[in-house]
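Working notes for the structure below.
The values are calculated or read from the model by the stated rules, or taken from the named source; none is laboratory data. Computed from a prediction, not measured in an experiment: that's the story for all the values here. Because the Cβ atoms are built from the backbone with ideal geometry, glycine has one as well, and the counts that use them run over all protein chains shown. Quick note on the areas: whole protein, heavy atoms, side chains included, nothing else; ligands and nucleic acids left out. Shrake-Rupley method; radii C 1.70, N 1.55, O 1.52, S 1.80 Å.
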Amino acid sequence: MIEREAAVRAVEEQLERDYQQWRAVSVDATRMAVIRVEEHELVWIVSWQS
């Protein structure tokens, strides 16, 4: 399993890419943020919200 910080960083980078794409289409784009990280047997479950 990857490190917790690497999982969070990967999700944050994807959220930023998504935000930039939405912003190109609409000025009402909302930035998302990671709110919770849970360890599972094989993965990190990373939750986010706007």
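In square angstrom, what is the accessible area per residue of the chain with a 1.4 angstrom probe?
82
Which percent of the accessible heavy-atom area of the chain goes to carbon and sulfur, probe 1.4 angstrom?
50
Treating only the Cα positions of the chain as identical point scatterers, give the base-10 log of I(q)/I(0) from the Debye formula at each q in 0.14, 0.15, 0.27 Å⁻¹.
Once normalised to I(0) and log-transformed, intensities are -0.39, -0.44, -0.97.
Out of the chain, which GluC sites (Glu not before Pro) are coil in DSSP terms and have no more than 14 other C-beta atoms within 10 Å?
Here the sparse-neighbourhood loop sites are Glu3, Glu41.
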